[in-house]
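*Asks:* Have a look at this one before I ask anything.
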Amino acid sequence: MADIAMTGPRGPKPKKRFSRTNIFLYGTLIMISMYYLLPLYVMIVTSLKGMPEIRLGNVFGPPLEITYEPWVKAWSEACTGVNCDGLSRGFWNSVNILIPSVVLSIAIASVNGYALSNWKFKGSEVFFTILILGAFIPYQTMIYPIVIMLREIGLMGDLGGLVLVHSVFGMPILTLLFRNYFTSVPEELFKAARVDGAGFWRIYFQIMLPMALPIFVVAVILQVTGIWNDFLFGVIYTKPATYPMTVQLNNIVNSVQGVKEYNVNMAATLLTGLVPLVIYFLSGKLFVRGIAAGAVKG
Amino acid sequence: MSVVEDRSLQGAAGAKRPIRLFRNPMAKIASIPMILTAMVVFVGGTLWTVVHSFSGSKLLPRLNWVGFDQYERLWETPRWLISISNLALYGICSLILTLTIGFVLAALLDRKIRGEGVFRTIFLYPFALSFVVTGIAWQWILNPDFGLQNLVREWGWESFVFNPLNDPDTVMFGLLIAGIWQGSGLIMCIMLAGLRGIDEDIWKAARVDGIGTVKTYIRIVIPMMRPVFITSLVLIASGIIKLYDLVVAQTNGGPGISSEVPAKYVIEYMFRAQNLGQGFAASTMMLVSVVIILIPWAYLEFGKGMRIMHFLGMIALVLLTLAGFVAVVVAWSFSLSLLLPLVGFLICAGALTAYLRFVKGHIQHG
């Protein structure tokens with residue numbers, strides 16, 4: 001390669017910066033970006049305006065007078081039914097659901113993936129196939145039997161029940177993720193550990209777990225956004241006192257009684273979207289990797 | 001396969017052959033949650049629902065057989081028919097638009113531009129947000145008194161009307177704008193990964209042959225990206241059938257029942273109308289539609305050369321076409337807007353023909 005480079009100029013002819021194609025290209029991209037950015041912008045702008053200003057002006061205008069009151073109100077005063085302690089309740093409910101669900105689902109799925117790639121037993125592939133196919137079954141067909149099962153074990157309406165549900169429905173995609181990762185680990189490593197007398201759990205904790213840290217991060221990102229954004233399971237398997245944030249947000253915004261306070265609604269919406277957005281902007285490429293891993297094979 | 005595996009392990013463990021079931025007991029114990037999930041929740045739960053859809057359950061599930069009564073009633077309920085035609089309209093539009101937008105965005109980003117990361121971040125961030133947040137944000141932007149419509153009117157176009165969320169005929173398009181906003185970034189990402197996987201030499205060869213960029217995309221790149229397109233298709237399709245939160249947050253099925261969808265119908269009948277049997281029948285219909293869509297895909301992905309899959313795939317296609325016909329007739333008889341399902345059906349039929357030809361080519365090649 002180096003000696004060819006010496007013989008003369010190579011590579012494409014340097015392009016003009018403002019060629020017609022470039023203007024078209026960037027123009028289109030910027031136009032489309034506007035469509036994607038518009039809702040976020042409108043939400044932020046609206047949440048910083050007072051109600052009188054919203055009634056007068058247009059949604060796209062920047063706030064003339066910035067007020068943080070809607071945010072405070074959304075967090076601690078907004079009403080759902082008779083409760084008027086704002087979204088904070090939903091936020092803490094969501095946190096209480098999120099942490100055990102993420103830990104439990106990833107713990108189960110990583111062990112599954114490990115067993116499926118290194119400790120195949122008769123029928124393991126069958127169960128795995130059923131698990132993956134199960135990811136395509138509409139949730140609606142399984143919702144009611146799960147209600148019955150949760151009632152039987154006394155967890156219906158409880159946060160624990162919702163944690164179980166999240167672990168169950170997170171299992172297909174996470175198991176796939178971990179199985180694919182552990183399959184790519186050289187088998188010699190596993191065999192060497194076997195020869196040295198390490199058992200199932202020891203190999204898992206001392207060899208596989210430390211190696212799989214990046215994939216654990218991907219799984220955490222996948223689960224945190226997925227569980228935080230869940231609405232369906234939250235609305236069915238919890239009761240009003242334990243509603244997660246998304247359900248409470250919907251109840252605040254779409255309640256029929258009272259005057260609509262659009263600025264408070266938008267502040268509440270942004271608050272709910274904040275957790276996944278922060279994760280998205282912090283994790284960058286890992287987020288993409290997570291959804292790609294989930295998507296390409298799922 | 002497992003036999004070979006076991007033998008190699010056994011060689012290390014010792015000569016005595018233990019009972020098969022108790023070999024590697026830890027692996028099996030650790031897999032219990034997975035086995036329970038797969039067999040009890042997924043298989044058991046689904047079968048339970050299907051079985052109970054033939055019962056007259058009302059408030060509580062009971063097994064008093066009523067045959068196909070629930071299904072007959074289901075297909076006579078206008079609300080269900082509206083749900084189905086809404087989902088068909090939303091599904092077809094969403095499929096076409098998401099694939100197109102996703103591919104175009106990916107192709108634009110693949111033109112070696114500056115700031116690719118910035119653009120990609122912008123296109124993908126809505127995917128991190130929940131459907132509830134998406135629905136509420138767009139509900140606000142599409143608000144007739146304060147949102148887009150008001151803005152254009154303030155600019156001086158007094159008679160401008162853009163109020164999809166309060167118009168029964170166009171409400172699904174209001175949902176569509178939000179749905180595409182949320183989901184197209186994901187497809188763009190997948191498409192971009194697919195484009196990056198295409199050999200640079202292909203582009204060089206095309207340039208040498210004097211083929212234009214657009215033509216290269218259409219004639220060479222897209223056919224090469226067939227697996228990526230199929231993956232995207234399955235992904236979008238399985239997302240469409242789950243459409244629920246967005247509707248609840250953005251329109252709550254309104255105005256009236258004009259933006260109802262099947263998933264919402266199921267939940268309403270199970271948990272509000274206390275008519276479990278209807279809910280079970282409706283969810284079974286959802287399951288059937290998923291199976292019909294999945295079989296051809298499963299055939300292409302896993303069942304190459306399997307006669308039975310080919311057979312099932314063909315049956316599924318015939319059923320799908322029939323379902324399209326039924327949808328048109330139903331829409332006709334309920335005098336819902338006739339044009340939309342008809343256009344939808346034509347697109348559907350076109351897609352089917354193409355798909356059929358493709359499957360046929362697939363069989364001849366492999």
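*Asks:* For segment B:201-234: of the residues being part of a loop (DSSP other than H, G, I, E, B) and not acidic (D, E), which is least open to solvent (accessible area, probe 1.4 Å)?
*Replies:* B:M225
*Asks:* Let me confirm something: among A:Q248, A:Q223, which residue is in a helix (DSSP H, G or I), open to solvent by 10 Å² or more (accessible area, probe 1.4 Å) and under 29 Å from A:P138 (Cβ atoms)? Can you show your working first?
*Replies:* On the way: A:Q248 fails: open to solvent by 10 Å² or more (accessible area, probe 1.4 Å).
Just one listed residue meets the conditions, A:Q223.
*Asks:* Still on this model: Answer with yes or no whether A:V288 is without any contact (Cβ under 8 Å) to a residue 12 or more places away in the chain, surrounded by 21 or more Cβ atoms within 10 Å (Cβ to Cβ), facing another protein chain (nearest Cβ under 7 Å) and within 30 Å of A:N180 (Cβ to Cβ).
*Replies:* On the way: without any contact (Cβ under 8 Å) to a residue 12 or more places away in the chain: yes; surrounded by 21 or more Cβ atoms within 10 Å (Cβ to Cβ): yes; facing another protein chain (nearest Cβ under 7 Å): yes; within 30 Å of A:N180 (Cβ to Cβ): yes.
The answer is yes for A:V288.
*Asks:* Can I ask one more? Which numbered condition trips up A:N254, out of (1) within 9 Å of chain B (Cβ to nearest Cβ); (2) polar (S, T, N, Q); (3) under 16 Å from the mean Cα position of the chain (by Cα); (4) surrounded by fewer than 24 Cβ atoms within 10 Å (Cβ to Cβ)?
*Replies:* The failed condition is (3).
*Asks:* Still on this structure: Can you tell me which residues in segment A:62-76 are surrounded by 15 or more Cβ atoms within 10 Å (Cβ to Cβ) and either in a loop (DSSP other than H, G, I, E, B) or modelled with pLDDT under 85 (or both)?
*Replies:* A:P63, A:T67
*Asks:* Hey, does segment A:175-184 have a residue that's assigned to a loop (DSSP other than H, G, I, E, B), over 30 Å from A:L87 (Cα atoms) and open to solvent by 20 Å² or more (accessible area, probe 1.4 Å)?
*Replies:* The initial filter retains those residues of segment A:175-184 that are assigned to a loop (DSSP other than H, G, I, E, B), namely none.
No, segment A:175-184 has no match at all.
*Asks:* Let me ask you something else. Of all helices (runs of 4 or more DSSP H) completely enclosed by segment A:86-171, which ones contain at least 1 residues that are more than 11 Å from chain B (Cβ to nearest Cβ)? Please lay out each step first, then the result.
*Replies:* On the way: elements: A:88-118, A:124-134, A:140-152.
The helices (runs of 4 or more DSSP H) meeting that bar are A:88-118, A:140-152.
*Asks:* Filter segment B:235-261 down to the residues that are assigned to a helix (DSSP H, G or I) and at the interface with another protein chain (Cβ under 8 Å from one of its Cβ atoms) and list them by number. Step through it out loud before you land on a result.
*Replies:* Residues of segment B:235-261 that are assigned to a helix (DSSP H, G or I), as a first pass: B:235-241, B:245-250.
Correct list: B:L235, B:S238, B:I241, B:D245, B:V248, B:A249.
*Asks:* Kindly indicate which of B:F146, B:F123, B:F127, B:F160 is facing chain A (nearest Cβ under 8 Å), part of a loop (DSSP other than H, G, I, E, B) and either under 25 Å from the mean Cα position of the chain (by Cα) or at pLDDT below 90 (or both). Step through it out loud before you land on a result.
*Replies:* Numbers: B:F123 fails: part of a loop (DSSP other than H, G, I, E, B); B:F127 fails: part of a loop (DSSP other than H, G, I, E, B); B:F160 fails: facing chain A (nearest Cβ under 8 Å).
That would be B:F146, the only listed residue that is facing chain A (nearest Cβ under 8 Å), part of a loop (DSSP other than H, G, I, E, B) and either under 25 Å from the mean Cα position of the chain (by Cα) or at pLDDT below 90 (or both).
The values are calculated or read from the model by the stated rules, or taken from the named source; none is laboratory data. Quantities reported herein were computed from a predicted structural model and do not represent experimental measurements. FYI the Cβ positions are ideal-geometry reconstructions off the backbone, even for glycines, and counts take in every protein chain you see. Accessible surface areas use protein heavy atoms only, side chains included; no ligands, DNA or RNA. Shrake-Rupley method; radii C 1.70, N 1.55, O 1.52, S 1.80 Å.
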